[in-house]
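This report refers to the structure that appears directly beneath it.
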Amino acid sequence: MSRSTRRIAHLSDVHTLDPAHRRSSARYRIATRAVSLGRPVDPRDRARKLARGLEAAKASGADHVVITGDLTEVGDPKEFEHFAQILSDAHMPEGTVTLVPGNHDAYTSAAGWRRALEGPLARYASASATDAGKVVDRGEVAFLPIDTSCFQSIARSGGMFTPDAARAVQARIDDPGLRDKSIVLVMHHPPFVRHGNPLSEWVDGLRGCKHVLEMLARHPRVQILHGHMHRVVDRIVDLGKGVAGLANRARILGAPAIVDDAEVPRVRLYDLGDGLLESAGLFAM
C-alpha cells in the first residue's frame, strides 16, 4: 500500500467573541448570550482555545489546516478581526489554512464573510471559501472550500448548497487535471439531516444536501470535512454500486468543537494514503 506524508489538521466551531464584549452594545451582548447556548461568554478563554488548537496543529506535523466554520459567534466585524489576529499571532503560513464560514458567521450581515476576506482575513483568502468551485491545490490533494452559510435569524442554524454551487463543484470534480488527486470538500454543514425529518433540514440541516450526495455517489475519491455537529463524525455512507460494480462508500468526517473543549482543545488529524483520508486520531497540547 502506497503512503503519503501529507497530514491535514482539522479544527472547527471556534465561536470567537469581540474581546471588548462587556463594553459592546446591549444588542450584541444579548445576541451572543442567546446563541452561546449556556457556554461561558468569555472572549479570552475562547481565544486561548483557538491559539492552543493552532499550536497543536503545527506541532502535529500537519502541512495544511482546515477550520470548518462558526469561526465567530454572530459574524460581527470585531469578532472576525479578533479571529484574524489569533491566526496572525500563530504565524500560520499563507496558503496553508483553509477557512469556510458557518451559520454563526452570517447572523450579523449577508456580506460579513466577503468583507472579512477583503479585510482582516485577506491573508487567508487565497485558500478559503470564495466562489463556488474554487480549488486549493496542495499536490496529491485538492481542497474545494464551500460556503454553505446564509443570512438568517439566530433561531435557525441551517445551511444551503445551491444548484449553482453544485454545478460549479461538479465541473471541478470532472476536470481531467484533478483526476489523480484526492478531492476534499470543506464545508460547515454535513450533507445529511441531523434529526431525520424535513423540518430539521430547514432549521438546522443543509438544504440541497441531495446535490452533495449525488456527487459522492458518482465520485468515490471525493470526501468531506465538516463541522456543525460539535463532535467527531466518521460517517461512511453506502451509495450503492460504483465503477466496475464495486461498492461506493463516501467518507464524511467531522471534528469536535474547539469552543466546547475544556483546558486542552483537540485537533483532528488525517493522513493521506492511497488517495483517501485516514483518521490519525485527535491531538492536543
- HN-Hα couplings for the range 12-20 via Karplus (6.51, -1.76, 1.60; θ = phi - 60°), in whole Hz with x for Gly/Pro, come out as 7, 6, 8, 6, 4, 10, 4, x, 9
- Message: Mean-square fluctuation check for the chain, GNM, Cα pairs under 10 Å: which of Gly275, Gly159, Gly102 is largest?
- Response: Gly275
- Query: Where does the charge balance sit around Arg29 when Lys and Arg score +1, Asp and Glu -1, over other residues with C-beta under 10 Å from its C-beta?
  - Reply: +3
- Task: Specify the inter-centroid distance of the range 210-233 and the range 114-161, based on alpha-carbon positions, in whole Å.
- Result: 16 Å
- Query: Please state the relative contact order of the range 1-147 as a whole percent: Cα pairs under 8 Å, 6+ residues apart?
  - Reply: 24 percent
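For Ile236 and Arg44 in the same chain, what is the full-extension length gain: residue separation times 0.36 nm, less their Cα-Cα distance, in nm? Intermediate values should be presented prior to the final figure.
On the way: separation 192, 0.36 × 192 = 69.12 nm, distance 3.70 nm.
Here the segment from Ile236 to Arg44 would lengthen by 65.4 nm.
Calculate the tail of P(r) for the range 63-112: the fraction of all Cα-Cα distances greater than 12 Å, expressed in %. List each step's numbers first, then the result.
On the way: 773 of 1225 pairs.
More than 12 Å apart: 63 percent of the Cα pairs in the range 63-112.
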- Task: Taking the Cα centre of the chain as origin, sum charge times position over the Cβ atoms of Lys and Arg (+1) and Asp and Glu (-1), and report the length of that vector in debye to the nearest 20.
- Result: 300 debye
- Among DSSP beta bridges lying fully in the range 7-275, give the percent that are antiparallel, nearest 5. 40 percent
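Could the peptides 55-63, 131-139, 182-190 be put in order, highest first, of the mean number of other beta-carbon atoms found within 10 Å of their residues? It would help to have the intermediate numbers written out before the result.
Details: 55-63: 18.4, 131-139: 16.3, 182-190: 25.9.
Peptide ranking by packing, descending: 182-190, 55-63, 131-139.
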- Message: Give me the net charge for the shell around Val232: Cβ to Cβ below 10 angstrom, other residues only, Lys and Arg +1, Asp and Glu -1.
- Response: +2
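Direction-averaged shadow area of the convex hull around the Cα atoms of the range 32-81, nm²? Kindly include the intermediate steps, with their values, before the conclusion.
Numbers: hull surface 16.4 nm².
For the Cα atoms of the range 32-81, the hull's average projected area reads 4.1 nm².
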- Just need the relative contact order of the chain here, percent rounded to a whole number, with Cα pairs under 8 Å and 6+ apart. 22 percent
- Once phi for every residue in the range 47-63 is put through the Karplus expression 6.51 cos²θ - 1.76 cosθ + 1.60 (θ = phi - 60°), the whole-Hz ³J(HN,Hα) values, with Gly and Pro written as x, are 5, 4, 5, 5, 4, 5, x, 5, 4, 5, 4, 5, 5, 6, x, 5, 10
- Query: If r is the Cβ-Cβ distance from Asp63 to Leu213 and R0 is 30 Å, what FRET efficiency results, to the nearest 0.05?
  - Reply: 0.50
- Item | Convex hull volume per residue for the range 17-122, taking Cα atoms only, in Å³ | 97 Å³
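Starting from the eigenvalues of the Cα gyration tensor, five times each then square-rooted, give me the equivalent ellipsoid semi-axes of the range 7-275, largest first, whole Å.
Working: eigenvalues 173, 85, 55 Å².
Semi-axes from the Cα gyration tensor: 29, 21, 17 Å.
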- Message: Apply the Karplus curve 6.51 cos²θ - 1.76 cosθ + 1.60, θ = phi - 60°, to the phi angles in the range 147-155 and return the couplings in whole Hz, x for Gly and Pro.
- Response: 8, 9, 6, 8, 5, 7, 5, 5, 6
- Simple spin-label estimate for Arg123/Leu282, 7 Å along Cα→Cβ, in nm, reads 2.9 nm
- Can you find, among Ala56, Ala132, His211, the residue farthest towards the positive end of the dipole of the chain? Put +1 on the C-beta of Lys and Arg, -1 on that of Asp and Glu. His211
- With the cut-off at 24 Å, report for the range 45-178 the share of all Cα pairs above it, as a whole percent. 31 percent
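Coordinate-derived values only; no laboratory data. Please read these numbers as outputs of a predicted model, since none were measured by experiment. FYI the Cβ positions are ideal-geometry reconstructions off the backbone, even for glycines, and counts take in every protein chain you see.
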